[in-house]
1. Can you grab the distance from the C-alpha centre of the stretch 20-55 to the C-alpha centre of the stretch 82-99, Å, no decimals?
2. Over the Cα atoms of the stretch 15-61, how large are the radius of gyration and the largest Cα-Cα distance (Dmax), in Å?
3. Using the 4.7 Å Cβ rule, please list in number order the cysteines from the chain without any candidate partner.
4. If one computes P(r) from the Cα atoms of the chain, what percent of pairs lie at distances over 18 Å?
5. Rounded to the nearest 500, what is the chain's calculated 222 nm mean residue ellipticity when only DSSP H runs of at least 4 contribute -39500 (n - 2.57) each, over all residues?
6. Kindly list the residues of the stretch 1-31 that lie in the label zone of CYS40, defined by a backbone N under 19 Å from the point 7 Å along the Cα-to-C-beta vector.
7. Which length gain, in nm to one decimal place, applies between ARG20 and ALA88 when the Cα-Cα distance is subtracted from 0.36 nm times their residue separation?
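Read-outs throughout are calculated quantities, based only on the coordinates presented, and are distinct from any laboratory measurement. Source: prediction; values computed, not measured. Neighbour counts run over all protein chains shown; Cβ positions are idealised from the backbone, glycine included.
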Amino acid sequence: MTIRPANIDLDRAVGELRIRWNDGRACVYPLSNLREACPCAECRGGHERMGSAYDPEHILALTPKRSYGVQSVELVGNYALQFVWDDAHDAGIYTWDYLYRLCPPEGQP
C-alpha cells in the first residue's frame, strides 16, 4: 500500500497541521516545528545535506527558533504540500513520505 493522506486539516488558530493517513495513523504537526523541519537546500545548509540521512528523527525533536504561522498551503501534484510561511519562506516541498516520517511517536501529541 502506498502511504497517502486520507484527510489533511490546517488549524491556523491552534498552530497545527493534522493528517490522518490511509493506514489509519493520525499525526499532529506543530506548525513552528514543521517550519524548522523545512526540507529545502537553503534550510538544510546546502545540497550536500539533502536526503533522509539529514531528516529530523520526528517533528517534536526540533526546537523552533520562534513561533511561525502559515500564510497558505498548496498541494504539489499528488505527492506533497508546499507552504508559504509568515516569514515569506516558500521553498520547501514536504512530500508525503517526509511528512509520514516526521510524525510524532505514538502516544505523543
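1. 8 Å
2. 12.3, 35
3. CYS40, each lacking another Cys Cβ under 4.7 Å.
4. Working: 2716 of 5886 pairs.
Summing the P(r) tail past 18 Å for the chain gives 46 percent.
5. My calculation for the chain gives -3500 deg cm²/dmol from helical runs alone.
6. 31
7. Numbers: separation 68, 0.36 × 68 = 24.48 nm, distance 2.72 nm.
Between ARG20 and ALA88, full extension yields an extra 21.8 nm.
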